[in-house]
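The values are calculated or read from the model by the stated rules, or taken from the named source; none is laboratory data. What you are looking at is a predicted structure, and each value in this text was computed from that prediction instead of being measured. Heads up, the Cβs are rebuilt from the backbone with ideal geometry, glycines too, and the neighbour counts pull from every protein chain shown.
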Amino acid sequence: MPDTHFDDIHPQENEALVKPARGRGFRRFLLRFFFLLIIIGAAAVYWFYFNVYSEGERKGTLIKITHKGNLFKTDEGEMWLSCRQLVNSEKFYFSITNDSLANVLKNLQDECVQMTYKQYRKTVPWRGDSKYIVTGVRPVPDAVSGH
(Lines give C-alpha, C1' and ligand atoms only; values in the text may rest on other atoms or scores of the structure.)
Protein backbone atom coordinates (compact mmCIF):
# COMPACT_ATOMS: atom_id res chain seq x y z
CA MET A 1 0.00 0.00 0.00
CA PRO A 2 1.47 3.32 -1.02
CA ASP A 3 2.14 5.99 1.57
CA THR A 4 -0.38 8.79 1.42
CA HIS A 5 0.23 12.14 2.97
CA PHE A 6 -2.40 14.52 4.18
CA ASP A 7 -0.99 17.20 1.87
CA ASP A 8 -1.58 14.99 -1.13
CA ILE A 9 -5.22 14.39 -0.30
CA HIS A 10 -6.45 17.97 0.25
CA PRO A 11 -3.89 20.49 -1.05
CA GLN A 12 -6.44 23.32 -1.45
CA GLU A 13 -7.46 23.19 2.21
CA ASN A 14 -3.85 23.47 3.38
CA GLU A 15 -3.27 26.56 1.22
CA ALA A 16 -6.43 28.16 2.59
CA LEU A 17 -5.19 27.66 6.13
CA VAL A 18 -1.92 29.48 5.44
CA LYS A 19 -3.32 32.63 3.74
CA PRO A 20 -5.36 34.07 6.65
CA ALA A 21 -2.29 34.09 8.86
CA ARG A 22 -0.74 36.79 6.63
CA GLY A 23 -3.98 38.79 6.61
CA ARG A 24 -4.30 38.57 10.37
CA GLY A 25 -0.74 39.78 10.80
CA PHE A 26 -1.40 42.86 8.68
CA ARG A 27 -4.66 43.55 10.49
CA ARG A 28 -2.87 43.18 13.81
CA PHE A 29 -0.20 45.63 12.61
CA LEU A 30 -2.87 48.16 11.54
CA LEU A 31 -4.71 47.77 14.84
CA ARG A 32 -1.52 48.37 16.83
CA PHE A 33 -0.55 51.29 14.58
CA PHE A 34 -3.90 53.06 15.01
CA PHE A 35 -3.92 52.34 18.74
CA LEU A 36 -0.46 53.92 18.98
CA LEU A 37 -1.68 56.94 16.97
CA ILE A 38 -4.63 57.38 19.35
CA ILE A 39 -2.33 57.21 22.40
CA ILE A 40 0.10 59.74 20.88
CA GLY A 41 -2.80 62.01 19.87
CA ALA A 42 -4.33 61.88 23.35
CA ALA A 43 -0.97 62.67 24.93
CA ALA A 44 -0.50 65.64 22.57
CA VAL A 45 -3.98 67.00 23.35
CA TYR A 46 -3.29 66.71 27.08
CA TRP A 47 0.17 68.33 26.71
CA PHE A 48 -0.98 71.35 24.70
CA TYR A 49 -4.49 71.99 26.07
CA PHE A 50 -4.68 70.72 29.67
CA ASN A 51 -1.15 70.62 31.10
CA VAL A 52 -0.27 73.81 33.00
CA TYR A 53 2.75 75.46 31.36
CA SER A 54 3.45 77.98 34.14
CA GLU A 55 1.95 79.57 37.24
CA GLY A 56 2.59 83.08 38.44
CA GLU A 57 1.39 86.40 39.80
CA ARG A 58 0.83 89.78 38.20
CA LYS A 59 0.08 93.12 39.81
CA GLY A 60 -1.74 95.99 38.15
CA THR A 61 -4.91 98.00 37.71
CA LEU A 62 -7.95 95.97 36.71
CA ILE A 63 -9.66 97.86 33.88
CA LYS A 64 -12.25 95.57 32.30
CA ILE A 65 -14.24 92.36 32.88
CA THR A 66 -16.55 91.10 30.11
CA HIS A 67 -18.79 88.07 29.61
CA LYS A 68 -18.65 87.14 25.93
CA GLY A 69 -18.65 84.37 23.36
CA ASN A 70 -20.77 82.91 20.58
CA LEU A 71 -21.18 79.30 21.66
CA PHE A 72 -19.31 79.24 24.98
CA LYS A 73 -19.84 82.33 27.16
CA THR A 74 -16.68 83.05 29.11
CA ASP A 75 -15.46 85.83 31.38
CA GLU A 76 -12.51 87.77 29.99
CA GLY A 77 -10.50 90.58 31.55
CA GLU A 78 -7.85 93.22 30.98
CA MET A 79 -5.39 94.70 33.42
CA TRP A 80 -2.74 97.41 33.13
CA LEU A 81 0.54 96.06 34.46
CA SER A 82 1.01 99.11 36.63
CA CYS A 83 -0.88 100.39 39.63
CA ARG A 84 -0.13 103.94 38.51
CA GLN A 85 -2.14 104.63 35.39
CA LEU A 86 0.65 105.32 32.96
CA VAL A 87 -0.04 106.15 29.32
CA ASN A 88 1.96 103.29 27.81
CA SER A 89 1.29 100.56 30.36
CA GLU A 90 1.38 97.03 28.99
CA LYS A 91 -1.94 95.18 29.14
CA PHE A 92 -2.43 91.70 30.54
CA TYR A 93 -5.34 89.79 28.98
CA PHE A 94 -6.81 86.87 30.92
CA SER A 95 -9.78 84.51 31.21
CA ILE A 96 -11.78 83.60 34.31
CA THR A 97 -13.30 80.12 34.68
CA ASN A 98 -14.70 80.54 38.20
CA ASP A 99 -18.01 82.49 38.39
CA SER A 100 -17.52 83.62 41.99
CA LEU A 101 -14.02 84.90 41.14
CA ALA A 102 -15.50 86.78 38.15
CA ASN A 103 -17.98 88.50 40.49
CA VAL A 104 -15.17 89.50 42.87
CA LEU A 105 -13.16 90.90 39.95
CA LYS A 106 -16.16 92.91 38.68
CA ASN A 107 -16.27 94.67 42.05
CA LEU A 108 -12.51 95.41 41.92
CA GLN A 109 -12.46 97.25 38.57
CA ASP A 110 -10.23 100.37 38.58
CA GLU A 111 -8.43 99.01 41.66
CA CYS A 112 -4.85 97.83 42.06
CA VAL A 113 -4.88 94.04 42.48
CA GLN A 114 -2.48 91.11 42.72
CA MET A 115 -3.62 88.14 40.58
CA THR A 116 -2.46 84.55 40.53
CA TYR A 117 -2.82 82.68 37.26
CA LYS A 118 -2.09 79.49 35.37
CA GLN A 119 -0.78 79.59 31.81
CA TYR A 120 -1.61 76.87 29.29
CA ARG A 121 0.10 76.31 25.93
CA LYS A 122 -3.14 76.54 23.92
CA THR A 123 -6.71 77.69 24.50
CA VAL A 124 -9.94 75.68 24.49
CA PRO A 125 -13.26 77.40 23.72
CA TRP A 126 -14.99 76.63 27.02
CA ARG A 127 -12.05 77.93 29.08
CA GLY A 128 -11.77 81.33 27.39
CA ASP A 129 -9.90 83.35 24.78
CA SER A 130 -6.65 83.63 26.71
CA LYS A 131 -3.91 81.18 27.64
CA TYR A 132 -3.85 82.87 31.08
CA ILE A 133 -6.51 81.66 33.54
CA VAL A 134 -6.87 83.68 36.75
CA THR A 135 -7.05 81.47 39.85
CA GLY A 136 -7.05 84.10 42.61
CA VAL A 137 -7.04 87.81 43.33
CA ARG A 138 -6.42 90.14 46.25
CA PRO A 139 -6.59 93.92 46.44
CA VAL A 140 -3.32 95.77 46.98
CA PRO A 141 -3.52 98.35 49.79
CA ASP A 142 -3.46 102.02 48.69
CA ALA A 143 -0.23 102.74 50.60
CA VAL A 144 1.65 100.19 48.48
CA SER A 145 0.04 101.08 45.14
CA GLY A 146 0.62 104.81 45.34
CA HIS A 147 -3.02 105.86 44.61
If LYS106 satisfies every condition in (1) in contact (Cβ under 8 Å) with a residue 12 or more places away in the chain; (2) farther than 20 Å from SER54 by Cβ; (3) assigned to a loop (DSSP other than H, G, I, E, B) but one, which is the exception?
(3)
Some residue of region 112-121 being at pLDDT 95 or above, among the basic types (Lys, Arg) and not in a strand (DSSP E or B):
yes
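Given the options ILE63, ILE133, name the one that is among the β-branched types (Val, Ile, Thr), at pLDDT below 95 and part of a strand (DSSP E or B).
Values: ILE133 fails: at pLDDT below 95.
Exactly one residue qualifies, and that residue is ILE63.
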Does region 23-81 hold any residues that are among the acidic types (Asp, Glu) and either out of contact with any helix residue (DSSP H, G or I) (no Cβ under 8 Å at 6 or more places or on another chain) or without any contact (Cβ under 8 Å) to a residue 12 or more places away in the chain (or both), and which are they?
GLU55, GLU57, GLU76, GLU78
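Going through LEU101, LEU81, LEU71 one at a time, which residue ends up being of a type outside the set (D, E, K, R), exposed (fewer than 13 other Cβ atoms within 10 Å of the Cβ) and either modelled with pLDDT under 90 or assigned by TED's automatic domain parsing to the domain that holds GLN114 (or both)?
Values: LEU101 fails: exposed (fewer than 13 other Cβ atoms within 10 Å of the Cβ); LEU81 fails: exposed (fewer than 13 other Cβ atoms within 10 Å of the Cβ).
Exactly one of LEU101, LEU81, LEU71 is of a type outside the set (D, E, K, R), exposed (fewer than 13 other Cβ atoms within 10 Å of the Cβ) and either modelled with pLDDT under 90 or assigned by TED's automatic domain parsing to the domain that holds GLN114 (or both), namely LEU71.
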